[in-house]
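Okay, structure first, notes after.
Just so you know, all these numbers are worked out from the coordinates, no wet-lab data involved. Owing to the predicted nature of the structure, the values given are computational and were not obtained by experimental measurement. All Cβ positions, glycine included, derive from the backbone under ideal geometry; neighbour counts span all protein chains shown.
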Amino acid sequence: MSDIITQPIKFLGATVLSFNATLGFGSTQETTINVDLVEDCANGDLFYPNNGLIFVGGPVYFSAGAFNFGGILTNWTVSQGGGGKTFNVRAVDPRSLLENSVVIIDTYLGPPTQGINYFNVYAGYESPVLNGNCQFFGSSLGNERGMPYQAIISKLQQMNPTIYSPTGYAFTVNFSSFPTGLPEYYRVPGPQITLLQLLQDVCDILGYDFYVDLLPGGIISVGLVNLRQQPTSFNSIISAYNGIATDLSYGQELRNEKTRTVLFGEKQHYLAPIDKFNFFFGEDLINNEMVPVIPFREDSCGFWINKKVDSLNAALTRPLPTNGPYEISELDIRAALSSYKLWKNRVLTATIPGSFNEAIRANWPEAAEDLRAAGQVLANGGDAIKATENPQRGFVDQMQNARKPAAKSNKPEFLNDLEKVFNFVKNLGSTYYGKQFFVPLNQRICYYRGDDFQEIIFSDVPTNDGGWVEEGVPVLGLADPELSAFREEDNRVGCFAVFAFNAAEAPIPETSEEDTSTGPVSIPDDSVFNDGSIPPELPS
C-alpha cells in the first residue's frame, strides 16, 4: 500500500522516532502535532531549530505516508540522557494568526489601509473620498448595520494581505476557501472583527464546521465540514489497516453542533397606499385613554375639533372653569395664524359660535366690553384699533392695581391671559394645521391590551419610514427613474403623497384691469367670513 512507511521519516533535519496528532475543529480547538526526533549522524541529520535554521513562529510541514500536516512551530525541547540526545517538537495549525488579524469594516478612512495584521477593508473601498473623489462614497455598501460579507471577502481577495507571526514570518490567506452562499443582505457589524471570528460566525450561520490548514508557500487555507450532511462510511479506511496497524480503535459518537441558523433582520416594511386623510391636532387624555384629536364635524366654513386645555389653564391667571374639551373651529385657527388682532376681534364677537369662544367671553367679560367700547368709538368715527389697544385710563386703573407686577407694562391681567389663549390656538395651527394628518389604514391591524389594560400591542406598527418594493414596481403610479427621488440610502421608498389637481378646473379669481399678478389683493370693507366674522389679512 502507498501509505505504508518503508523508510525513515525526516522532519526539520532530524529522524522521526514517533508522532501523534489531534484534529481540531472550530475557533477554539487547534489541530496539533507532537513529534519526537533524533539526529542520525550517520546519515547527516542536523536538527534545524537547534542550529538557528528555523525559529518558533515559522512554518513547518510534516509528512508521513498519506498523513500531511502544515502548521506553525510553537516550541521545541532537547532531552539528553542515557539513551542519547532526543528532540521534541510541537506545532499547531495557523488559526492563531487569523485570531490576531483585525479587519476594519466601518467608517474609518484614515491611513494606513494595511498595517501589521491590520486590514482596513472600508478604506480599501472608500479612501479616494479623502481626495474629494465622491464617486467612491458608499462603494463599501456599509451602513449602520455593517458591511455585506461578500463585499468584505471580495476586497480581502483583492488586497491579498500579509499576516505576520510574532517572530516576523509572513503568511497569506486563501480567502476563496472561506464559506460562500450567504444572501447579499447578510451584514457583518462593525467597526472591526478578527478573521477567525468572521470565519466562525459565517460557519455557524451556514451549518459548517471548519479546520485551518497551512499549505506550502505559507498559505493559510480553510477546510469546511458540512454538518447538514450525514458523513460517509469510514469502513474502507479502517479495513485498509487490518493486519498492518499495531493498535487500532474506532467507534461512533453523537454530534450536537448547530446545523441551522435563522437570520432575523430589521422588521418588515411594506408600503400601504392611502386615499383618506383627516386633520390631526395631537392627542388628549379622555376617560383615561389617549385619543386622537380630529375633526368631529364640518360645515360650510370648515371643520370643528374638541380640544382639552389642561396646559393652557395651568398658565392662566384666571383659568377657564374646566379643562374641556372645548369646540374650536378651523376659522378660529386660521384667524390666530393671521394675527392677534383678527383673532381677538373674532373671538370676542358675541355672534361667533363655538364653546371655546363662548367660554372665553364668559371668563373675561371685560375683554368683550373693551371690544364693544372700541366698536362704539368706531361708530362715532374714531379709530377702532387704537381704541382697542388703548382703553380708557380710568378703566385700566380700575382693573389693575399698581402694586401688581403686570402694572409695569400698564396692561390689564385679562389681556395677558387673552394673549396666552391666542398663543394656544395659534400653536395648534403652526404645529398641526396642514402639517400633520390622521390616516386610516386600508389593511386590518390586530391588537390586544396588556395586563394593565393601558398598553396596546399591535400586530403592525404604522411608521413613516417607508418600505421596499421590487425593482421596476411603480408606487402610486410613479416609476423609476422619477421614483428614485424618494428612495433612502438603503433603497427603501420613503413616504410621499400625490395630489390630484386639474388646472383646468381651478377657480380663476376675478381681477380688475388695474390688478397685476404681483399687486396687493384688496378686500372690500364689508367683506366677512361666511359666519359673519372679519376675514384674515391676506399677504401682498
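List, in the order given, every pair from Lys267/Lys435; Lys10/Lys155; Lys267/Lys426; Lys307/Lys341 whose Cα-Cα distance in the structure shown is over 32 Å.
The pairs that break the limit, which is 32 Å between Cα atoms, are Lys10/Lys155; Lys267/Lys426.
Want the number for Ser176 to Ile445: 0.36 nm per residue separation, take away the alpha-carbon distance, what's left?
Stretched out fully, the Ser176 to Ile445 stretch lengthens by 92.1 nm.
Tabulate in residue order the Karplus-calculated ³J(HN,Hα) for region 304-309, using 6.51 cos²θ - 1.76 cosθ + 1.60 with θ = phi - 60°, rounded to whole Hz; enter x for Gly and Pro.
10, 10, 9, 10, 7, 10
For region 70-152, which chymotrypsin sites (Phe, Trp or Tyr not before Pro) are both in a DSSP coil and crowded by at most 15 other Cβ atoms within 10 Å? Walk me through the numbers on the way to the answer.
Values: sites: Trp76, Phe87, Tyr108, Tyr118, Phe119, Tyr122, Tyr125, Phe136, Phe137, Tyr149; in loops: Tyr108, Phe137.
Counting only loop positions with at most 15 other Cβ atoms within 10 Å, the chymotrypsin sites (Phe, Trp or Tyr not before Pro) in region 70-152 are Tyr108, Phe137.
When a footprinting reagent is the concern and you count Cβ atoms within 10 Å, what order do Glu419, Glu489 take, fewest first?
Details: Glu419 13, Glu489 8.
Least crowded to most crowded, the residues run Glu489, Glu419.
Rank these for me by crowding, Glu253, Glu39, going from fewest to most other beta carbons within 10 Å.
Lowest to highest Cβ neighbour count: Glu253, Glu39.
Just the Cα atoms of region 139-199: what Rg and Dmax do they give in Å?
Calculated on Cα positions, Rg and Dmax stand at 12.8, 39 Å.
First measure r as the distance between the Cβ atoms of Thr107 and Leu224, then evaluate 1/(1 + (r/R0)^6) with R0 = 30 Å and state the FRET efficiency to the nearest 0.05.
Efficiency for this residue pair is about 0.45.
Take the Cα radius of gyration of region 76-215 and divide it by 2.2 N^0.38 Å, with N its residue count; two decimals is plenty.
Working: Rg = 19.0 Å, N = 140, 2.2 N^0.38 = 14.4 Å.
It is 1.32.
Using each residue's phi in region 329-346, evaluate 6.51 cos²θ - 1.76 cosθ + 1.60 at θ = phi - 60° and report the 3J(HN,Hα) Karplus result to the nearest Hz, with x for Gly and Pro.
Per-residue couplings from phi come out as 9, 4, 5, 4, 5, 5, 5, 5, 5, 6, 5, 5, 4, 5, 4, 5, 4, 6 Hz.
In whole Å, what three semi-axes, largest first, describe the equivalent ellipsoid of region 1-131 built from its Cα gyration tensor (square root of 5 times each eigenvalue)?
The equivalent ellipsoid of region 1-131 has semi-axes of 41, 17, 13 Å.
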